[in-house]
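Everything below concerns the one structure shown next.
The values are calculated or read from the model by the stated rules, or taken from the named source; none is laboratory data. Because the structure is a prediction, the values reported are computed rather than measured. Don't worry about glycine lacking a Cβ; one is built from the backbone with ideal geometry, like all the others, and counts go over all protein chains shown. Heads up: the accessible areas ignore ligands, DNA and RNA and are worked out on the full protein's heavy atoms, side chains in. Shrake-Rupley method; radii C 1.70, N 1.55, O 1.52, S 1.80 Å.
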Amino acid sequence: MDQLVVLHEIFESFSRGTGALREIEPRAVEGRCASLVVKLLQSCLDNDIDEEVCRELSECLSNIYELKRLGDICRRAGMPEIAMKCYAKALSQAQEPHVRSVLMNNLGQVHAQKGDLGKAIVYYKKALEGFEYAGDPSSAAHVMGNLASAYRRAYQWDKAVECYFKGLKGFEKLNDSFGVAQMTGSLGRVYAEMGERELAVLYYEKSLRMFEKLGDRRSVAWLLSRLGRVYAEMGRWDDSKRCFDRSLSIFEDLGQSQNAGIVLSNLGRFYLEKGDTDSARDSLERALKMLRKEMLPVYPNTVAALAATYSLLARRYVDEGDLRQSSQLYSRASDCFSELAHHPRILISELKAAAGQARSLSYLVKLRADPREDEAVALCERAISALESTIASTASKDREKVASLVRCLQGIKELWSIDLYTAEPWRILGMVSVACEYLMGGIRELARSPGSYKEMHEALVAINGALDDERQRRDSSANLRRAAEHLRASQLEGFEKIAGTLEMAGRSELVQGMSPSDILNYGAHRKALMSIGWAAAQSLLSEIDRTGWIYAWDEAMNLSEAGPVGRTERIRRKAESIAEMKEVPVVEMGAVNLRSSPVDLPAESALGRSIVPAQTMLVSAAAPLLPVSPETIRPETTLEAPYVIESFADYEQEDAFYDEHQRESVDHSPDTGCSESAHVAHRSNLRDSIAARIIVGLIALAGTAYAIMHVILGVL
């Protein structure tokens, strides 16, 4: 089996799964870089595309087709730098204007994936110019869609809408029903992002009817998923749920588990926003089992939503008294946040802080279960360590609060430690004093303004004075009464009883009502300090807690959404000045001018078949594609497959959650939407790739000879 065939199968496994890859016999792979291709195949089967193997392959491969396909694989596996290198290397060898335009388009896709929209637009414009010059209106219409999408992502709505309508008109002139349906759906998307939800629904529903008429079930599923999202934003929960369920049912029926996973991720977010955390957990956990880690941004978005779900469930279980379950959920949330914090494409320090907070909470919850003294001290130490490791990662406005929380927990730990030293009563007074000092340090900065913190701090000062009185053998009752007054003034729940205990300890005539152990071990002081410590810790935690926040990333892995569940805010970065951007260097290669090249090939390929544009998603490969006209064969079944134009940004995930629809064969097959004969043709044509390359080479040589003859005749 030729190595190009294997690369193509790896490419398709992103959307169809790895079933077909398991049928490939590694020893049967042939080609100059067969061993590396086999390694890539194995890493794909292990659900982890090996970056180093891809890098070595980019150096080893020299054929334009193979470089193009490897670039496609790397782009979808989240390796844009290697993808760019493959496309640039192929472009440096390409002479045919049409082929060069395809590669220009794909380089634009990579720059768009990286978020460099200015360069993406430059490449798209070059590709558009090339296709228009070559007389390929179909490819030009698709690139126009890419250009519109780049403007959309840069929030240049007017230019985006203008380009979408141009693409729509182009497809209408070609009588390309699929293209018309796609551009109609893209207009729905841009209106959705503009906040024009009614218009978005109008265009989405129109596109949905078109795809239903065409029998493209896969595209129908994606449109339903998009509609579900818009309906959720409009508060139309029943309509949203119905759309998500229909979309999920179609993908499951088609056997496209990864796409079903994306819809489950969307459904989980829907439940989360609605407040149904149990259903959200079920959907998100199911989604995570179906998604690959390299599926960006849907995989990290799912992990982030699951982290928020675990945190919210943990809070609920605390209220219900199930502390063990709550601790486990906080621990899982911490694992999710930690995974995101260590993701190479995510550079958000506060995720590390959220991981530390969740880990600390998992220990603190256990403290509420009244553990043994030695266990309590160990739990306090772990909670403190988890928080200390995150101070540098915490937002500057919250760092002092985290430091204050750590001091409060150190005070609580000191109080738990006292019972370990009951045999050494002479040490207890010093330990109580140390705990009080920690707590005063913890809330000192917070006590600068009037409120409960100030009253608690004054109570601590008074208790510290009482301890000093005890040390000096003086009467401490005045300080204890003052502490009680401040505790009552704080108006915090539970402090009234503690205030009474302190007053009792300060009234000599009631001392006999207290146990000897309490008198000896400063029981009243310790209870007051523990109550103040917990109250301060809980208040500080509520102010810095980010464990219940949702984070979401866009297709370039820029943070696009953040905030507490139900109150998330979209993050719109300032777009670079695309309108003023000058020409950028494309790649270093042999100069081939599209306008003056002597090789002027027709729109039909060297094999007499149309190179038909196909849509592509960011995280899944193209489904079987339809030709522009019935008499042309399916482009993905020919050698020209790697040269198919792939629309990028509008046929990917929406709002960092959505994967996009692509063309699908309409043979009314109830299972996969593609006929068995087409699949057989696909295999046989790819296996004949070597012969086809020779034919292409001869045609190119003939074209060069024709160009030379034309020049000679011109001179004569």
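Below, the figures for the structure above:
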| item | result |
| --- | --- |
| Total residues in region 236-256, condition outside any helix (DSSP H, G or I) and open to solvent by 30 Å² or more (accessible area, probe 1.4 Å) | 2 |
| Every pair of residues 6+ apart whose Cβ atoms lie under 6 Å, when the first sits in region 310-331 and is at negative phi while the second is charged (D, E, K, R) and part of a helix (DSSP H, G or I) | TYR310/ARG332; SER327/LYS366 |
| Hits in region 31-63 - residues which are closer than 19 Å to VAL110 by Cα, open to solvent by less than 40 Å² (accessible area, probe 1.4 Å) and at pLDDT 90 or above | CYS54, LEU57, SER58 |
| Complete set of residues in region 109-162 that are β-branched (Val, Ile, Thr) and either open to solvent by 30 Å² or more (accessible area, probe 1.4 Å) or over 29 Å from ASN175 (Cβ atoms) (or both) | VAL110, VAL122 |
| Criterion: surrounded by fewer than 18 Cβ atoms within 10 Å (Cβ to Cβ) and within 22 Å of GLU233 (Cβ to Cβ) - qualifying residue of GLU172, GLU198 | GLU198 |
| Filtered residues of region 177-234 (kept if of a type in the set (S, T, N, Q) and either within 19 Å of LEU267 (Cα to Cα) or in contact (Cβ under 8 Å) with a residue 60 or more places away in the chain (or both)) | GLN182, SER186, SER219, SER225 |
| Region 65-92: number of residues that are more than 19 Å from PRO344 (Cα to Cα) and at pLDDT below 90 | 1 |
| Listing of helices (runs of 4 or more DSSP H) fully contained in region 271-373 that carry 1 or more residues being in contact with a Gly (Cβ under 9 Å, 6 or more places away or on another chain) | 277-290, 298-320, 323-341 |
